[in-house]
Amino acid sequence: MPTARWNGTVIAQSDDTVVVEGNHYFPADSVNEALFEASATHTNCPWKGVASYKSLVVDGKLNPDAVWYYPDPKAAAAEIKGRYAFWKGVTVE
């Protein structure tokens, strides 16, 4: 089962991930949103749309913008709506 971990803590775990461009997108109900902190960062992907970000806080350590998601993806990426992906040292195994 794909599991996302950072700083020794499980962030997300689910058998229902969607893999896009090598990244696992986890459903919202499989992530520990208590570890998320708001971020004002946004980026644009030509085919997926505008990505929003969240930071992780685990045991007092901050990992800025380590979580991204597409709240309103373009039609070509509709399957990742409501899902979260990770980077910046977050491992998915």
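The values are calculated or read from the model by the stated rules, or taken from the named source; none is laboratory data. Computed from a predicted structure; not experimentally measured. As a convention, Cβ positions derive from the backbone with ideal geometry for all residues, glycine included, and neighbour counts pool all protein chains shown. These accessible areas exclude ligands, DNA and RNA; they are computed on the full protein's heavy atoms, side chains included. Shrake-Rupley method; radii C 1.70, N 1.55, O 1.52, S 1.80 Å.
Computed values, structure above
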quantity: Most to least accessible of TRP68, TRP87 (protein chains only, probe 1.4 Å); calculated: TRP87, TRP68
quantity: The chain shape via C-alpha gyration tensor axes, a/c threshold 1.5; calculated: oblate
quantity: For CYS45, residues with placed amide H under 5 Å, excluding near neighbours; calculated: VAL50, ALA51
quantity: FRET efficiency, 1/(1 + (r/R0)^6) with R0 30 Å, evaluated for ASP29 and LEU62 via beta carbons; calculated: 0.75
quantity: 13 Å beta-carbon shell around ASP29, net charge (K/R +1, D/E -1); calculated: -2
